[in-house]
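Written below as structure tokens is the structure these notes are about.
The values are calculated or read from the model by the stated rules, or taken from the named source; none is laboratory data. In this text the structure is predicted, and so the values were computed from the model without any measurement. Here the Cβ is made from the backbone with ideal geometry for all residues, glycine too, and neighbour counts use every protein chain on show.
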């Protein structure tokens, strides 16, 4: 987290509407950095304050000091140029310094080493607050300087750092936030973890221009802030796709399920990103084999990939491996023999057309008289099945005729009552 020092002359310029405070106030960190005007600027900007808390981070600098301090009400960055302290996690400090902002991030800057007063070592560290990326994005100022935990994150942008700082875009499958990996931590150069991971970090910001309402980031502190996400206890034992006349059919089964809310079905073509096309309810908790199926009848010819997103009732989820399929339409005009034949009183007539056309499917008696129109209108390319109910007709021989564009074919069938 390399930075330039802000000129202290700038910090002496105060807003006319800013409340008056004493020269040195002993405050909680929340009071010291509060923004009651909601203008993304701390109300005590430029004031000298005194706060106390415990260190919750390593030094994010090599030639300066940059630590995060927490007191149970909030957290804040501490920064001083040219001096390197060796405070450890849990060390208790009383800090006297000026409230400043660096690219939107609130800091308390002691003017000299006397502003850092050690009052204990090895104190109790706070637990990281577990939140979602959606909660963080909804109010990032609330979590500035605080230790937070976000679960089940995967890398969707950026490159794991080998010899420098890096910005990684981590996603929970819905929202995405930048996680800043600082080269002065022990994370840089470590082996990239296997995703998804549960990640601990400190809420932070890097916004170069007023009103300082963007550039929100999260700073992991140590390599151990990355831990593998707990596996979701749903055992998927099969997942297959097959091509049907007018659809792609997905089938899958589970051996056991625990806390299973259900499955999101996701599809991706060669030109599109993953998108949700359906959701099927799960069976909660069960030790019996469960079988699921879904017919995707909204596809057009092309190659598709499918995957399942299994979701627990607590919001955790896991993706299946993707499977690929090529979907093509029929190759020729065809009118199939009805089934069953002979029939009583209903039967199914199937036909296929390789291109869109005006289609007429009609039934005739042996005198050539039309007795029923089953289809009359434009149809897209594909295969179709039509039910013919002859309960009001007498037994005997009948003919059915398909006209589709320039194609025409007649077949016969027998009604027996």
Subject >> Residues of the stretch 245-267 that turn out to be closer than 16 Å to residue 278 by Cβ and modelled with pLDDT under 85, as a count >> reply: 1
**OP:** Report whether or not residue 345 is outside the structural domain of residue 266 (by TED's automatic domain parsing), without any contact (Cβ under 8 Å) to a residue 12 or more places away in the chain and in contact with a strand residue (DSSP E or B) (Cβ under 9 Å, 6 or more places away or on another chain).
**Re:** no
**OP:** Name the one entry in 318, 401 that is part of a strand (DSSP E or B), in contact (Cβ under 8 Å) with a residue 40 or more places away in the chain and closer than 30 Å to residue 286 by Cβ.
**Re:** 318
Subject >> Scan of the stretch 66-89 for residues that are in contact (Cβ under 8 Å) with a residue 24 or more places away in the chain and under 14 Å from residue 182 (Cβ atoms), ordered by number >> reply: 66, 68, 77, 79
**OP:** Just need a number here: residues in the stretch 370-395 that are in contact (Cβ under 8 Å) with a residue 24 or more places away in the chain, out of contact with any strand residue (DSSP E or B) (no Cβ under 6 Å at 6 or more places or on another chain) and loosely packed, with under 14 Cβ neighbours inside 10 Å.
**Re:** 2
Subject >> Residue under evaluation residue 1, criteria (1) at pLDDT 95 or above; (2) surrounded by 19 or more Cβ atoms within 10 Å (Cβ to Cβ), criterion not met >> reply: (1)
Subject >> Matching entry among 253, 238, 242 (being more than 21 Å from the chain's Cα centre (by Cα) and surrounded by 15 or more Cβ atoms within 10 Å (Cβ to Cβ)) >> reply: 253
Original post:
What pairs come up if the first residue lies in the stretch 168-185 and is more than 13 Å from residue 137 (Cα to Cα), the second is assigned to a strand (DSSP E or B) and modelled with pLDDT under 90, and their beta carbons are under 7 Å apart, counting only those six or more places apart or on different chains?
Top reply: 173/317
Subject >> Qualifying residue in the stretch 66-76 (condition: over 37 Å from the mean Cα position of the chain (by Cα), assigned to a loop (DSSP other than H, G, I, E, B) and more than 19 Å from residue 207 (Cα to Cα)) >> reply: no
